[in-house]
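Everything on this sheet refers to the single structure shown next.
The values are calculated or read from the model by the stated rules, or taken from the named source; none is laboratory data. The structure displayed is predicted, hence computed values, not measured ones. With ideal geometry, Cβ positions are generated from the backbone for all residues, glycine too; neighbour counts draw on all protein chains shown. For accessibility, only protein heavy atoms count, side chains too; no ligands or nucleic acids. Shrake-Rupley method; radii C 1.70, N 1.55, O 1.52, S 1.80 Å.
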Amino acid sequence: MTVKKILTEPDPFLRQKSKPVEKVDNDLRLLMDDMLDTMYNAQGIGLAAIQIGVPKRVIVIDLLKEKDKKNPLYFVNPEILWSSKEDATYEEGCLSVPGQFAEIDRPDKCHVRYLDYDGNKRELKTEGLLATCIQHEIDHLEGILFIDYLSKLKKSLITKKLSKQKKELERIVV
Ligand code: GNR
Ligand code: NI
């Protein structure tokens, strides 16, 4: 169980497409455990493996509805089978886009097929925040960030701000 470093925009790694997992084995479960630790530590509700530098199609989510009661969900090779025509709007943030938030429209409901922590095939019907979060995480597997849905101007303001912050941090650390 280890808290890993979360990659932040702009980082070319975040733009790469993650590869399907061939087998859910103990090594993969160790990765999922580390992802969960990293996510809880950063107080996020979801994390994709690519955010800690591993280009595999693995997602963890915990909406943390009840305080002090963990309810982790694991999705390996998730696929969206169906999504609703109706959209929902949520204020999204991303651990890889620190300190930035924006309202994003996505389908309100979606059905996903995936493998769970034990490698069993599963399907889940989701709506609301869980549906939004799964879609946000599946986007990471394709190298997509929520800021890609904003206007060119808004997006470039955010990336400029983040690269400036990064350069300043590097200057201090090095
Ligand atoms: O912690 C997170 N909150 C969040 C809020 C609205 C929509 C999506 C998310 S996911 C985000 C964590 C993260 O960056 N996952 O990739
Ligand atoms: Ni994210």
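Just to check your reading of the model, which residue among ILE138, ILE144 is of a type in the set (Val, Ile, Thr), under 13 Å from the mean Cα position of the chain (by Cα) and surrounded by fewer than 17 Cβ atoms within 10 Å (Cβ to Cβ)?
ILE144
Within segment 90-122, take every residue that is among the charged types (D, E, K, R) and open to solvent by less than 70 Å² (accessible area, probe 1.4 Å) and give me the one that is nearest to PRO78 (Cα to Cα).
ASP116
Got a sec? Which of VAL54, VAL58 is buried (at least 20 other Cβ atoms within 10 Å of the Cβ), closer than 27 Å to GLN100 by Cβ and out of contact with any Gly (no Cβ under 9 Å at 6 or more places or on another chain)?
VAL58
Of all residues in segment 14-36, how many are within 16 Å of ligand 2 (Cβ to nearest atom), touching a residue at least 40 places away in the same chain (Cβ under 8 Å) and open to solvent by less than 90 Å² (accessible area, probe 1.4 Å)?
Within segment 14-36, residues that are within 16 Å of ligand 2 (Cβ to nearest atom), touching a residue at least 40 places away in the same chain (Cβ under 8 Å) and open to solvent by less than 90 Å² (accessible area, probe 1.4 Å) number 4.
What is the residue count in segment 112-141 for residues that are closer than 20 Å to VAL21 by Cβ and either out of contact with any Leu (no Cβ under 8 Å at 6 or more places or on another chain) or not in a helix (DSSP H, G or I) (or both)?
Total satisfying the criteria: 18.
Among the residues of segment 31-90, write down those that are among the β-branched types (Val, Ile, Thr) and either assigned to a strand (DSSP E or B) or under 21 Å from ASP105 (Cβ atoms) (or both).
ILE45, VAL58, ILE59, VAL60, ILE61, VAL76, ILE80, THR89
Any idea which of (1) more than 25 Å from VAL24 (Cα to Cα); (2) exposed (fewer than 14 other Cβ atoms within 10 Å of the Cβ) is the one LYS155 doesn't satisfy?
The number of the failed condition is (2).
In segment 15-30, what count of residues is obtained for those that are assigned to a helix (DSSP H, G or I) and either within 13 Å of the chain's Cα centre (by Cα) or of a type in the set (A, V, I, L, M) (or both)?
3
Could you say whether any residue in segment 71-89 is open to solvent by less than 90 Å² (accessible area, probe 1.4 Å), touching a Ser or Thr at 6+ places or on another chain (Cβ under 6 Å), within 15 Å of ligand 1 (Cβ to nearest atom) and not polar (S, T, N, Q)?
There is no residue in segment 71-89 that is open to solvent by less than 90 Å² (accessible area, probe 1.4 Å), touching a Ser or Thr at 6+ places or on another chain (Cβ under 6 Å), within 15 Å of ligand 1 (Cβ to nearest atom) and not polar (S, T, N, Q).
Checking the conditions here, which among ARG57, ARG106 is of a type in the set (D, E, K, R), within 14 Å of ligand 1 (Cβ to nearest atom) and within 13 Å of the chain's Cα centre (by Cα)?
ARG57
If the Cβ limit is 6 Å and pairs must be 6+ apart or interchain, which residue in segment 37-55 that is in contact (Cβ under 8 Å) with a residue 24 or more places away in the chain pairs with which residue that is within 7 Å of ligand 1 (Cβ to nearest atom) and open to solvent by 40 Å² or more (accessible area, probe 1.4 Å)?
Pairs that qualify, where the first residue is in contact (Cβ under 8 Å) with a residue 24 or more places away in the chain and the partner is within 7 Å of ligand 1 (Cβ to nearest atom) and open to solvent by 40 Å² or more (accessible area, probe 1.4 Å), are ALA42/LEU95; GLY44/LEU95.
Sort through ASP148, ASP105 and tell me the only one that's more than 18 Å from LEU47 (Cβ to Cβ) and either at pLDDT below 95 or outside any strand (DSSP E or B) (or both).
ASP148
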